[in-house]
Amino acid sequence: MPTVNDWINNPLGVVDGMFAQSNSSPDWEKKVVEHFKEKLKQNDAHTWVPSLNDVPMHYLKPNSLVKFRCMVQDMFDPEFFMGIYEMNDPTSNSKLLKCGKYKDVTECGQVDFNSSNTVTSERQTFYCIPIPGESQWVKESYAGSSQARVEPSTSYAPYRHKRSYEEDDEMDMQPQQMKDPNQGAQSSADSHGNMESKRQETEAPNHNSSPSHCTSSLDLNFPLPGEKGPACLVKVYEDWDRFKLNDMLEVFGILSVDPALSVIADERETSSLLDPTEGMETVEEQRVHSPPASLVPRLHMLYAQPLVHNNPLLPSGVSEENGDYLTSVLGELAAVRAELLTYFTHVLLGDSLAAEYLILHLISNVYSRRDVLPLGKFTVNLSGCSRSTPYTEHLYKVIQQLVPSSYRLCMSLHNMNNQRMVPQKDYTANRLLSGTLQLANNTSLFLDETQLEQGQLDTTGVRNITALGNLISWQKVDYDFNYHQMEFPCNINVLIASEGRSLLPSDCQVHLQPMLNPPNLVEYLSAVQVAQIPSQLNKYRIYLNVARALNYTISEEITKAVEEDFVDMRKDDPQSMSAEDLHRLLVVARLLSLSHGQNTLSRDGWMKAKQLEALRISRTQQQKCLNGNEP
């Protein structure tokens, strides 16, 4: 008797059933996709589907429906497969048409390769990884909202020695009877060796090594050092042109971890070593494109939802088009803003002006591009941060608690000279080697310049500083394809913490002016953070996302008033207000309006923006007078 969850536990059965009923009708494939889309829409059914992000691999049933919240890190070449093939059925001595879609391996039996009914189809393969820098509160919230029921997969048990992405950690937390029964037979030295080698395979690379070294051992190619998580080869069957590199997606697909895939990969590698003419792929390319399925599972996409954001507290589609939800929370924004301003003022040691600019920075967003100019970005250089205290580390933790994705880049001389920040094409393995700046849109990048010591930047260091400057100024990263560079636009919030003025460009510099001098800085900052209860933090998290997503307009009346004001300001002193100053003032006015939940600029809003900028500029000039040698 079919159960309500058959479409989750046995999606291939649903596909094969619809194929059998199709009578070779060409639209059966669309009907399959629509069927699963409809199922996922009913009664929050998407929460019933297990997620690769928070369920260990050995708890997932092979060939079941799973989901994966991810970023497209690389795109491989299209591959061909048998979409429809004919099999000889020895029991009935007849021929059967079979569907090869959403599968890596054909069913056991005699395939008639010469059949005129065989249909060769094409699919694209994306290499997908967890969203880089995703905050712990995001992971926990998504996992907590899941209603999926999973248990250790018995069919997967024989292959558990090829550990899943975080099994080393998970196994310690699972009940004793869930552990691999063969584990006790191994010597402790062997066990330790296996764990260490697997860690090397599953942890993010250091980005310090050359491309040739990276291809000699399998790594999961994560952009950020030290990250763990599943990587997945996502097989896409239709409309793959609508996906781009670095897109955030939630993929719903059929999980394939067939051990035969590893055997096939091993055979291909061996045969190519014996006879180089056997395959066009290099050994390195085969290792990267056909990794063990237990380490990098295949996911045959049925449906993928592009993620505007990865904040689990908001509807997945919240954006400028989602007017109903935005309208419902608009009334609360002003009150939450006041609370957030108080919180940031405490974190910034009593500096309410810096707190204002931190809010504006966190809700900034590239909403449009005019030629090469990204409109809406607002990089803030928070100067005056002490290098002798762990203040910047605690400031980053506060931001990390509030935004869905973030990364703190310590700009030490060693990191600048050794870290690969710009992704680079490895032609030997035919893959894109990831770099620190391969991040999803709306990631908060915290540049800690207080870590930069005296010394010489080498060629890599200069290239990295240039890449950071281009990211800040133009919101783009030029990926290194050896013979040429390819420009990838991005939308990344950059906050620079420095002692003096930053050596990197910024949209505005705010010099920190502490009003408090706590006897124990670490205890004070920890107490401020602990005082924020989870429900209050959730309010802030929703506020920052919603304020960033609001539409914004300026009426003709206000536009005319701003133009007249600009002329008046330049009358007495033409040097007092440049076109660049006006542009920054308009950005501040826009963000100030949005931060109060207002989607249009008012005269009061314009006046407040002018006052805020006047205070900031006055403070910066005072600091220049104190430090005469500062640029």
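The values are calculated or read from the model by the stated rules, or taken from the named source; none is laboratory data. None of the values given here were measured: they were computed from a predicted structure. Neighbour counts run over all protein chains shown; Cβ positions are idealised from the backbone, glycine included. Protein only, heavy atoms only, side chains kept; ligands, DNA and RNA dropped before computing areas. Shrake-Rupley method; radii C 1.70, N 1.55, O 1.52, S 1.80 Å.
Laid out as a table, the results:
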read-out	value
Hits in region 485-526 - residues which are under 30 Å from the mean Cα position of the chain (by Cα) and among the hydroxyl-bearing types (Ser, Thr, Tyr)	498, 502, 506, 526
Counted residues, region 323-364 - those being open to solvent by 50 Å² or more (accessible area, probe 1.4 Å), within 15 Å of residue 543 (Cα to Cα), hydroxyl-bearing (Ser, Thr, Tyr) and at pLDDT 95 or above	1
Residue in region 429-451 that is surrounded by fewer than 21 Cβ atoms within 10 Å (Cβ to Cβ), more than 22 Å from the chain's Cα centre (by Cα), not in a loop (DSSP other than H, G, I, E, B) and not hydroxyl-bearing (Ser, Thr, Tyr) present	yes
Selection status of residue 141, small (Gly, Ala, Ser) and either open to solvent by less than 60 Å² (accessible area, probe 1.4 Å) or assigned to a strand (DSSP E or B) (or both)	yes
Members of region 464-475 that are buried (at least 16 other Cβ atoms within 10 Å of the Cβ) and either in contact with a strand residue (DSSP E or B) (Cβ under 9 Å, 6 or more places away or on another chain) or hydroxyl-bearing (Ser, Thr, Tyr) (or both)	467, 468, 470, 471, 472, 473, 474, 475
Single residue of region 262-292 satisfying the filter (of a type in the set (Asp, Glu), in contact with a helix residue (DSSP H, G or I) (Cβ under 9 Å, 6 or more places away or on another chain) and assigned to a helix (DSSP H, G or I)) that is modelled with the lowest pLDDT	278
Yes/no for residue 244 being open to solvent by less than 50 Å² (accessible area, probe 1.4 Å), basic (Lys, Arg) and at pLDDT 50 or above	no
Qualifying residue in region 521-533 (condition: open to solvent by less than 30 Å² (accessible area, probe 1.4 Å), at pLDDT 95 or above and farther than 30 Å from residue 332 by Cβ)	no
The lone exception for residue 509 - which of (1) farther than 30 Å from residue 249 by Cβ; (2) in contact with a Pro (Cβ under 8 Å, 6 or more places away or on another chain); (3) part of a strand (DSSP E or B) it fails	(2)
Of the criteria (1) over 30 Å from residue 513 (Cβ atoms); (2) charged (D, E, K, R); (3) in contact (Cβ under 8 Å) with a residue 40 or more places away in the chain, which one residue 487 fails	(3)
Answer residue from region 482-505, given it is of a type in the set (S, T, N, Q) and not in a strand (DSSP E or B) and is farthest from residue 451 (Cα to Cα) among those	482
Complete set of residues in region 558-599 that are among the basic types (Lys, Arg) and closer than 27 Å to residue 333 by Cβ	584, 590
Test for residue 295: is it among the aliphatic types (A, V, I, L, M) and either surrounded by 21 or more Cβ atoms within 10 Å (Cβ to Cβ) or modelled with pLDDT under 95 (or both)	yes
Subset of region 377-415 (residues that are within 19 Å of residue 553 (Cα to Cα) and open to solvent by 10 Å² or more (accessible area, probe 1.4 Å))	377
Scan of region 144-160 for residues that are assigned to a helix (DSSP H, G or I), more than 15 Å from residue 314 (Cα to Cα) and either open to solvent by 50 Å² or more (accessible area, probe 1.4 Å) or modelled with pLDDT of 70 or more (or both), ordered by number	154, 155, 158, 159
Cβ pairs under 7 Å, 6+ apart, first in region 327-341 and more than 19 Å from residue 551 (Cβ to Cβ), second among the small types (Gly, Ala, Ser) and buried (at least 18 other Cβ atoms within 10 Å of the Cβ)	341/355
Wholly enclosed strands (runs of 3 or more DSSP E) of region 61-130 bearing at least 1 residues loosely packed, with under 14 Cβ neighbours inside 10 Å and on the phi < 0 side of the Ramachandran plot	79-89, 94-99, 119-129
Residue in region 34-48 that is buried (at least 17 other Cβ atoms within 10 Å of the Cβ) and either assigned to a loop (DSSP other than H, G, I, E, B) or among the acidic types (Asp, Glu) (or both) present	no
Residue among 538, 551 that alone is open to solvent by 70 Å² or more (accessible area, probe 1.4 Å), under 30 Å from the mean Cα position of the chain (by Cα), within 24 Å of residue 310 (Cα to Cα) and polar (S, T, N, Q)	551
Looking only at region 558-599, and only at residues there that are of a type in the set (Asp, Glu) and under 41 Å from the mean Cα position of the chain (by Cα), the one that is surrounded by the fewest Cβ atoms within 10 Å (Cβ to Cβ)	580
